[in-house]
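Visitor: Here's a structure for you.
Please treat every number below as a calculation from the coordinates, not as lab data. A quick note: this is a predicted structure, and the numbers were derived from the prediction, not measured. Cβ coordinates were reconstructed from backbone atoms using ideal geometry, including for glycine residues, and neighbour counts include every protein chain displayed.
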Amino acid sequence: MAKVSFELLGIGRELANRMGTGLGAVLLGAMVSDKAKELVESGADVVFLGDDEMLEPYVTEMYVSAMAQLLQEHKPDIVLFGATAMGRDLAPRLAARVGTGLTSDCVRLEIDEAGVLVQEVLAFGGEGIITITCPRHRPQMVTVRSGVYTRPNPSPGTGRTVPAKLSLPKNDSGVRVLEFQPREAKGMKLEEAEVVVAGGWGIGDAKGWEQVEELARALKAQVGATRPALDEGWASEEQMVGQSGVYVRPRLYIGIGISGVIHHTVGIQDAKVIVAINRDPDAEIFKCADIGIVEDYRQILPDIIKALKE
Amino acid sequence: MNSLRIAVCIKSVPDPRYAGKLVFDTKTMVLKKEGVPRVIGTMDLSALEEALLLRENHGGTVTVLSMGSPNAVDCLHQTLAMGADEAYLITHPSMAGADTIATAYALSCALVKLAPFHIVLCGAYSLYGSTGNVGPMLAEYLGFRQVTSVSRIEEVRNDILRLIVNIEDGLLRVEARMPLLITVMREINVPRGIPILGIVAARDKKVVTWGLEDIGANEERVGARGSPTRMVNFHTHEVKRKGEILKGQPQEVAKELVARLRKLAVVK
């Protein structure tokens with residue numbers, strides 16, 4: 001099950017407590033009932049279980065239909081989805097089907113005095129945060145990316161499993177999954193890294209990128225990147241840090257040649273210590289760093305690596 | 001299937017390079033975007049490019065639609081110059097303040113007026129706000145099947161498409177039957193620029209502007225009135241870090257940095 005599902009149980013618990021209501025988890029698939037325990041251990045009071053061979057693999061219409069029935073029967077106030085490929089496929093269609101709103105990629109959620117879910121998302125071009133509510137329509141639905149919230153430590157719970165009585169549509173084979181090719185896990189996931197060294201457009205060339213990687217090796221760090229570095233071919237998609245990529249929470253983040261637009265920096269704000277190296281004194285990244293160095297990285301990286309070895 | 005009728009839905013967004021000029025009026029709860037040039041969202045460009053490629057390979061027409069304020073017309077001119085056959089701007093004062101539900105509704109009305117379509121293409125998500133919701137919502141209102149996060153269209157054979165879907169864990173090979181709504185990922189293609197001949201050819205093509213009555217929409221379901229969600233506030237991203245700049249010769253600065261990081265126990 002996706003990591004984000006557990007993270008959402010964490011924030012879900014807080015929201016449910018604040019509202020004085022219960023926390024449910026929806027588990028859909030085939031032969032998945034043994035997974036309900038994990039969800040209870042992460043805080044679910046009830047697991048709505050839809051176990052049916054029609055629910056494997058994921059097909060939009062089956063899941064939208066199942067969810068719509070569950071929403072109709074149990075009428076939750078709030079539904080949280082992971083902002084994954086599946087979440088982006090399911091949540092909006094479901095919102096349109098049941099006639100409610102959807103706010104995607106929330107970076108913060110809380111309940112206000114009126115008991116309404118306050119939803120914060122990033123604003124245009126990274127100038128700030130937009131606050132959104134869904135005042136009248138129910139349920140209030142949001143998607144949240146992995147890494148925004150933390151997975152709770154598992155602890156034995158008293159949650160129960162409720163089998164969902166679903167009436168699924170006939171599969172007309174309008175959409176068929178032919179095959180699945182798993183992605184090779186390239187070692188530790190960036191979002192779990194303790195130290196991250198990231199490079200941006202300011203690195204300039206592939207040769208310069210090698211210096212970034214050398215610093216990472218000296219720190220035993222994972223290498224991250226911004227979109228421009230990706231476009232230049234120095235890094236790959238899963239190394240991208242930021243709103244459209246990975247949220248990291250290392251104890252140390254060093255950003256080199258990175259300007260610091262918000263859709264990158266939102267992905268690093270939970271780092272314990274942020275260091276920025278950029279030769280442009282006006283670079284935005286200095287505003288969100290603990291320590292800044294205004295210098296061409298080529299002039300200083302070798303010295304940093306040397307000092308680390310002493 | 002010889003001739004495909006393809007629609008592309010695009011959103012014009014404020015050019016991120018000028019985002020500093022955006023002002024949120026807390027009295028009217030409106031984000032003022034005057035004076036900020038508009039560009040087509042990155043993934044929307046890929047959606048348009050994919051439509052043009054489909055037309056090149058299979059024949060047919062490419063119709064671009066956008067719902068927005070009148071100044072979105074420049075972006076639609078751009079799509080004509082890139083090679084779209086026709087472009088429609090759905091705009092009306094009542095449509096202001098629309099969230100993704102109200103936007104998808106308005107677009108669905110326009111698409112029904114222009115029906116039939118075999119394929120509707122949208123971007124999988126955008127960088128700012130309403131990230132990719134419109135596609136699936138639109139598919140729901142149209143009653144189309146959907147395949148999202150598509151990184152490659154492998155084949156079109158009669159009324160069946162074979163697609164590669166890019167999900168976190170890997171790649172899916174999927175077959176889907178038309179009519180189909182597809183949302184595309186940035187990596188699906190590299191959008192073309194605007195060829196000089198494109199600008200010349202586009203001079204004869206006009207962006208058609210459609211209002212509420214043209215698309216046959218219910219006024220209660222568009223704009224702010226038709227939006228279950230609404231913007232209630234805007235604030236700048238507060239950051240609480242010191243931002244101390246280390247000064248001096250590189251060698252000294254490097255030593256100082258490492259000393260501090262050791263003191264903070266983030267480095268050995």
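Visitor: What FRET efficiency comes out for the pair residue A:168/residue B:169, r = Cβ-Cβ distance, R0 = 30 Å, nearest 0.05?
Guide: The pair residue A:168/residue B:169 has a calculated efficiency of 0.80.
Visitor: Kindly work out what percent of the DSSP beta bridges joining two residues of the protein assembly as shown are antiparallel, to the nearest 5.
Guide: DSSP beta bridges in the protein assembly as shown are roughly 40 percent antiparallel.
Visitor: Moving on. Is there a quick way to get the dipole size of the protein assembly as shown? I mean about its Cα centre, with the Cβ of Lys and Arg at +1 and of Asp and Glu at -1; what is the value in debye to the nearest 20?
Guide: It works out to roughly 620 debye.
Visitor: What order do you get for A:151-159, A:223-231, A:129-137 when each peptide is scored by the mean count of other beta carbon atoms within 10 Å, highest first?
Guide: A:223-231, A:129-137, A:151-159
Visitor: Would you be so kind as to identify which of B:138, B:148, B:121 lies farthest towards the positive end of the dipole of chain B, taking Lys and Arg as +1 and Asp and Glu as -1 on Cβ and the Cα centre as origin?
Guide: Going by the Cα projections, it comes out as B:148.
Visitor: Taking 7 Å along the Cα-to-C-beta vector as the label spot, tell me the residue A:1-residue B:204 distance in nanometres, rounded to one decimal.
Guide: Using points 7 Å along Cα→Cβ, the separation is 6.1 nm.
Visitor: Quick one: if the Förster radius is 22 Å, what FRET efficiency do residue A:279 and residue A:309 give, using the C-beta to C-beta distance and rounding to 0.05?
Guide: 0.35
Visitor: Related question: Taking the 0 to 90 degree range and rounding to the nearest ten, how far is the long axis of helix B:100-113 tilted relative to the main principal axis of chain B, both from C-alpha atoms?
Guide: 20 degrees
Visitor: Other chains near A:82-94: what is the mean number of their Cβ atoms within 10 Å of each residue's Cβ?
Guide: 6
Visitor: How large is the Kirkwood hydrodynamic radius of the protein assembly as shown, counting all unique pairs of alpha carbons, in Å?
Guide: On the way: mean 1/r = 0.0399 Å⁻¹.
In the protein assembly as shown this quantity evaluates to 25.1 Å.
Visitor: Moving to a separate point now. Going down the table (B:32/B:247; A:35/A:220; A:35/A:272; B:11/B:206; A:75/A:189), which pairs top 28 Å between alpha carbons?
Guide: Cα-Cα > 28 Å for B:32/B:247; A:35/A:220; A:35/A:272; A:75/A:189; rest within.
Visitor: Further question on the same structure: State to the nearest 20 debye the size of the charge dipole of chain A about its Cα centre, where the only charges are +1 on K and R beta carbons and -1 on D and E beta carbons.
Guide: That gives a dipole near 600 debye.
Visitor: While we're looking at this one, here's another question. Using +1 on the beta carbon of Lys and Arg, -1 on that of Asp and Glu, and nothing else charged, what's the dipole of the stretch A:1-139 about the Cα centre, debye to 20?
Guide: Rounded to the nearest 20 debye, it is 280 debye.
Visitor: Give the peptides B:254-262, A:78-86 in descending order of average Cβ contacts within 10 Å, highest first.
Guide: Final packing ranking: A:78-86, B:254-262.
Visitor: So if I average 1/r over every pair of distinct C-alpha atoms in the stretch A:1-67 and take the inverse, what Kirkwood radius in Å does that give? Numbers along the way, then the final one.
Guide: Values: mean 1/r = 0.0796 Å⁻¹.
About 12.6 Å, per the Kirkwood formula over Cα pairs.
Visitor: How much length is gained on full extension from residue A:13 to residue A:207, taking 0.36 nm per residue of separation minus their Cα-Cα distance?
Guide: Gain on stretching residue A:13 to residue A:207: 65.1 nm.
Visitor: While we're here: Order B:98-108, B:203-213, A:286-296 from most to least packed using the mean count of other Cβ atoms within 10 Å.
Guide: Taking the mean over residues of other Cβ atoms within 10 Å, the ranking is B:98-108, A:286-296, B:203-213.
Visitor: Scaled to the compact-protein estimate 2.2 N^0.38 Å, what is the alpha-carbon radius of gyration of chain A, rounded to two decimal places? Kindly include the intermediate steps, with their values, before the conclusion.
Guide: Working: Rg = 21.9 Å, N = 310, 2.2 N^0.38 = 19.5 Å.
Working it through for chain A, the quotient is 1.13.
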